[in-house]
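**Student:** Let me begin by handing over the structure; questions about it come next.
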Amino acid sequence: MAKGYVGQIFNSIQGEGLYVGRRQVFIRFAGCNLDCIYCDTEEFRKSRLGACEVETKPSSTEFKRIGNPMTHREVLRHVKNLMTPDTHSISLTGGEPLLTGNFLVDVARACRRASFTTYLETSGVSSEAMARVVKYTNIAAIDVKLPEHRAVPRSSWPRLLEEELACIRLAVKQGVETFVKVVVLPSTQPKIITTVCKRLERIGKIPVVIQPVTPAREVRSVPSMTHVYRLAQTAARAGVKEIAIIPQVHKLIGVP
Ligand code: SF4
């Protein structure tokens, strides 16, 4: 049985994307190999965290520490303890969940067997891992990185984009409800939105969420709404049929 490292398990509302406002149990897998300049979960980028913070009661924001690594059975037990009647789904998030390989598959499978809806939040860094987890995924929220995010060195960005597109193709082929999220900065240019959206349009009718960046880490300013509207219009011109502009809502109301 695969064991894995988890950073947090808690109940909150989904703060991003098309399911904003839905209550979820979040499983925050530890570890991320990207390096976004706006990262707001830096403490969970380390892959071998000594302990997982598990919320003691749903949405209490009070946590106890449980030793890592954990089995998927332990994770599921904590998830069940944090369920409420209005909880919509289980967010498999990070860090970057795809990096945890078989452990992610075991957790996702266990959640599906327990009749929970699984919501995978990923940057699509590994199509090989995505291929293994996709059949246990109900909803995929795939975060497409732009060169100015500096998630990877600029020269590696085209390779990252291809991997992300491969993950999106796998999810769409499997019939998973899929949408893409793109964080936009003041420096984001229409040209890069056109490049990304034209590639998405070729895969299928995939909704795109334009998320104005929330200042964190190296980012100090937000794009103007005039700029954000311009980028949304650019996405539409590139062929995207469904576009939403949604900021990070959980930050506005001060929940994790
Ligand atoms: S992918 Fe997410 S966790 Fe990883 S560096 Fe970027 S924002 Fe942080």
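Every number in this text was worked out from the coordinates using simple rules, so none of it is lab data. Only a predicted model underlies this, so the values are computations on that prediction, with no experimental measurement involved. For neighbour counting, all protein chains shown are included, and Cβ atoms are generated from backbone atoms with ideal geometry for every residue, glycine included.
**Student:** Picking from A216, A129, A235, which is most flexible by a Gaussian network model of the chain using Cα springs under 10 Å?
**Tutor:** Top of the fluctuation ranking is A216.
**Student:** Given axes a ≥ b ≥ c from the Cα gyration tensor, I'd like to know whether region 2-149 is rounded (a/c under 1.5), prolate (a/b larger than b/c) or oblate.
**Tutor:** It comes out rounded by the Cα gyration axes.
**Student:** What 222 nm value per residue comes from the helices of the chain, counting each DSSP H run with n ≥ 4 as -39,500 (n - 2.57) and dividing by all residues, nearest 500 deg cm²/dmol?
**Tutor:** -9500 deg cm²/dmol
**Student:** Quick one: of K205/K251; K181/K241; K46/K145; K135/K205; K145/K241; K145/K191, which pairs are farther than 22 Å apart, Cα to Cα?
**Tutor:** From the list (K205/K251; K181/K241; K46/K145; K135/K205; K145/K241; K145/K191), the Cα-Cα distance tops 22 Å for K205/K251.
**Student:** Charges at C-beta only: +1 for Lys and Arg, -1 for Asp and Glu. How large is the resulting dipole of the chain about its Cα centre, in Debye rounded to 20?
**Tutor:** 420 debye
**Student:** Separate question: Counting only GluC sites (Glu not before Pro) that are in a DSSP loop and have at most 12 other C-beta atoms within 10 Å, tell me the longest site-free stretch of the chain.
**Tutor:** With a cap of 12 other Cβ atoms within 10 Å, the longest stretch comes to 63-217.
**Student:** Would you list which lysines come within 18 Å of K80, measuring only between C-alpha atoms, while excluding same-chain residues fewer than 8 positions from it?
**Tutor:** Within the straight-line cut-off, K80 pairs with K57, K64.
**Student:** List the longest stretch of the chain that has no exposed loop site; here a site is one of the trypsin sites (Lys or Arg not before Pro) assigned by DSSP to anything other than H, G, I, E or B, with at most 13 other Cβ within 10 Å.
**Tutor:** Between the exposed loop sites, the longest stretch runs 49-204.
**Student:** Take the alpha-carbon centre of region 126-152, take the same for region 164-229, and report the distance between them in whole Å.
**Tutor:** Answer, in whole Å: 12.
**Student:** If you don't mind, there's one more thing I want to ask. If contacts are Cα pairs under 8 angstrom and at least 6 residues apart, what is the relative contact order of region 109-177 in percent? Walk me through the numbers before you get to the answer.
**Tutor:** Numbers: 84 pairs, mean separation 26.1, N = 69.
Averaging sequence separation for qualifying contacts and normalising by length gives 38 percent for region 109-177.
**Student:** Pairs of Cα atoms under 8 Å, at least six residues apart: use those to get the relative contact order of region 106-256, whole percent.
**Tutor:** 19 percent
**Student:** Defining a contact as two alpha carbons under 8 Å apart and six or more residues distant in sequence, what relative contact order in percent does the chain show?
**Tutor:** Worked out over the chain, it gives 19 percent.
**Student:** Let me ask you something else. Between rounded, prolate and oblate, where does region 136-193 land on the alpha carbon gyration tensor, with a ≥ b ≥ c its root eigenvalues, rounded for a/c under 1.5, else prolate if a/b exceeds b/c?
**Tutor:** prolate
**Student:** What residue among A244, A140, A232 shows peak mean-square fluctuation when the chain is described by a Gaussian network model with Cα springs under 10 Å?
**Tutor:** A244
**Student:** Next up: Run the dipole for region 115-256 about the Cα centre, Lys and Arg Cβ at +1, Asp and Glu Cβ at -1, nothing else charged, and hand back the magnitude in debye, nearest 20.
**Tutor:** 300 debye
**Student:** Turning to a different aspect of this structure: Between V219, V180, V105, where does the largest GNM mean-square fluctuation fall for the chain, given springs only between Cα atoms within less than 10 Å?
**Tutor:** In this elastic network of the chain, the residue with the biggest mean-square fluctuation among V219, V180, V105 is V219.
**Student:** For region 36-173, with only Lys/Arg (+1) and Asp/Glu (-1) charged at the beta-carbon, what is the dipole magnitude about the Cα centre, in debye rounded to 20?
**Tutor:** It comes to approximately 520 debye.
**Student:** Continuing with this model, one more query. Among P256, L146, L161, which residue has its Cα furthest toward the positive end of the charge dipole of the chain, with +1 on Lys/Arg Cβ and -1 on Asp/Glu Cβ?
**Tutor:** The listed residue farthest towards the positive side: L161.
**Student:** I need the shape label for the chain. Rule: rounded when a/c is under 1.5, else prolate if a/b > b/c, else oblate, with a, b, c from the alpha carbon gyration tensor.
**Tutor:** Prolate, because a/c is 1.5 or more and a/b exceeds b/c.
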